[in-house]
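Working notes, structure below.
No lab work stands behind these numbers, since they all come straight from the coordinates. Since we're looking at a predicted model, the values are computed, not measured. So basically every Cβ, Gly included, is an ideal-geometry build from the backbone, and we count neighbours across all protein chains shown.
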Amino acid sequence: MSTVNPHLDAHGEDTRNFHGHDDGHGDGHGEAHGSFKGYLTGFLLSVVLTAIPFWLVMEEVLPSKQLTVVIVLAFALVQVLVHMVYFLHMNTQSEGGWNMLALIFTLILVVITFAGSLWVMYHMNENMMPLSVHEAKNLP
Amino acid sequence: MSTHAMSANAATSGAHADEFIVREDHHPENGTMLGFWLYLMSDCLIFAVLFAIYGVVGSNYAAGPSPADLFDLDIVAVNTAMLLLSSITYGFAMLEMARKRTQMTLIWLAITGVFGLCFIGIELYEFHHLIHIGAGPQRSAFLSAFFTLVGTHGLHVSFGLIWLVTLMTQVRKHGLTTENRRRLSCLSLFWHFLDVIWIGVFTFVYLMGVLR
């Protein structure tokens, strides 16, 4: 990604930080490429984290649907984190921390949009106009 | 900006006064990657809204078919595998790019493209099948939201494929120049980002739809 060598433009402390992170490939391209081991780790973790939810749902392993939903969502969350770290190479240092800042800001907006929509619209349904005369007569 | 700081660094190397300039300039190594990341974040918001719409109207079947009637999880599992495989092969292409091996980079990019094409092909087959049995986007609010969300993701993958072919032509013509390496890095982010979105799709739409 970057053609600037870390040891050229950083002072002593930063240089040591960089080398601590990029031990796998020392050709000075910054942290955007990852390593073979990193990609393979991410891939294997993703395969496991995908296979288990599919297996749980397709074979109906657990008796409770509620529990299955919670577990499937948890696996998805972990897999997103695995992709972020091993494939997108997210860390607190990339682009001087601005990547992480933008991500956190986006996640906050996503949570507000998503949870807010579901919450508000769920209650809207409760207050809908009655659909039939029968319903109108038996309002709660 | 970077060159400015480097020349300043070279001019006064050893001096202590300019240390803070160097430290500050260390952040924007290359504005393109940060800018592209910001684009991806705004794309993320588009998908968040589409997910929210699906979450709100996803159970309004209008007396039509429900997810459990329609979705074939075997196909979805194969599709997920295709996208995941294309993710790792793109990763291998990036590793070859770092080693400056043009031919191997092109080969891995081509393999990535094949997996991407398989994904799009399977998804188009699924859409065609759904529309054919009368479960098209106009059937119910659930299906409208489904086609919008999954279709938008498929459209992104399609444009990613066009981008991939464009870059393969560029790399074959001009080699792994700085510009091409930067473009490949951007596409790498884009491609892996689409895989992240797909995790949400297969979990929230397909798996939880069948569970409902």
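Before moving on, here are some points about what is shown:
- Rounded to the nearest whole Hz, the Karplus-based 3J(HN,Hα) values (6.51 cos²θ - 1.76 cosθ + 1.60, θ = phi - 60°) of region B:82-98 follow the sequence 4, 5, 5, 4, 5, 5, 6, 5, 5, x, 5, 4, 5, 5, 5, 4, 5, with x at glycine and proline.
- 3J(HN,Hα) from dihedral phi, region B:114-123, Karplus parametrisation 6.51/-1.76/1.60, rounded to Hz, x for glycine, proline: 5, 4, x, 4, 4, 4, 4, x, 4, 5
- With a Förster radius of 30 Å applied to the C-beta separation of residue B:170 and residue B:45, the computed FRET efficiency comes to 0.50.
- Length released on extending from residue B:159 to residue B:110, taking residue separation times 0.36 nm less the Cα-Cα span: 16.1 nm
- Label-point gap, in nm, between residue A:107 and residue B:133 - each point 7 angstrom along Cα→Cβ: 3.8 nm
- Segment residue B:59-residue B:73, length gained on full extension (0.36 nm per residue, minus Cα span): 3.2 nm
- The rule of thumb for compact globular proteins, 2.2 N^0.38 Å, goes into the C-alpha radius of gyration of chain B 1.31 times.
- Sum of side-chain charges, residue A:43 neighbourhood, beta-carbon under 12 Å (Lys, Arg +1; Asp, Glu -1): 0
- Each listed q (0.22, 0.29 Å⁻¹) maps to a log10 I(q)/I(0) for region A:30-89, found by the Debye formula over equal Cα scatterers with no solvent: -0.81, -1.11.
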